[in-house]
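The values are calculated or read from the model by the stated rules, or taken from the named source; none is laboratory data. The structure displayed is predicted, hence computed values, not measured ones. We place every Cβ from the backbone using ideal geometry, glycine too, and count neighbours over all the protein chains shown. Just the protein is used for accessible areas: all its heavy atoms, side chains included, with ligands, DNA and RNA removed. Shrake-Rupley method; radii C 1.70, N 1.55, O 1.52, S 1.80 Å.
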Amino acid sequence: MADNDCPDQPHADHRAQLGRLRRVEGQVRGIAAMVEDGRYCIDILTQLQAARAALARIERDVLDAHAAACVADAVASGDPEARRAKLDELAQLLRRALH
C-alpha cells in the first residue's frame, strides 16, 4: 500500500490501473523507437496523442477512486478538518491541471 495522508481512512486501490500503465509504457517505448527510426512526424504525433489519451483515462479512474474512497470517507467522517484537507487537495490538483 502506498503512502496515505490519512492513515485512519482506507486508501483507494489503484492496482487495476497497472495493466493500462504498462500498456502506456509500451506505447512510449514504441514512440521512442519511431523517433530513433526517423518515422514521419504525423505518425509520431498520432502515437503521442494516443498515449496522452490513455494516461488521461487512467488519471480519471484514479481520481474517481480517490473521490469514492478517500474523499467520501473524509466527508462521511464528520471531521471538518479531514473534510477541509481533502477539499484542499482536490482544489490544488485542479489548479495544477488548469495551469
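Quick notes on this one:
- Surface share of carbon and sulfur [accessible, 1.4 angstrom probe, percent] for the chain: 57 percent
- Per residue, the chain exposes 75 Å² of accessible surface when a 1.4 Å probe is rolled over the protein heavy atoms with every protein chain present.
- Helices in the chain that qualify as membrane-span-like (whole DSSP H runs, Cα extent of at least 18 Å along the helix axis, mean Kyte-Doolittle hydropathy of 0.0 or higher) are 18-36, 41-66.
- Modelled spin-label separation between residue 98 and residue 39, with each label point placed 7 Å from Cα along the Cα-to-Cβ direction: 3.6 nm.
- Take the Cβ atoms of residue 89 and residue 29, set R0 to 35 Å, and the FRET efficiency comes out at 0.60.
- Charge dipole (debye, nearest 20) of the chain; +1 at Cβ of Lys and Arg, -1 at Cβ of Asp and Glu: 440 debye
- FRET efficiency for residue 52 and residue 15, using Cβ-Cβ distance with R0 set to 22 Å, rounded to 0.05: 0.45
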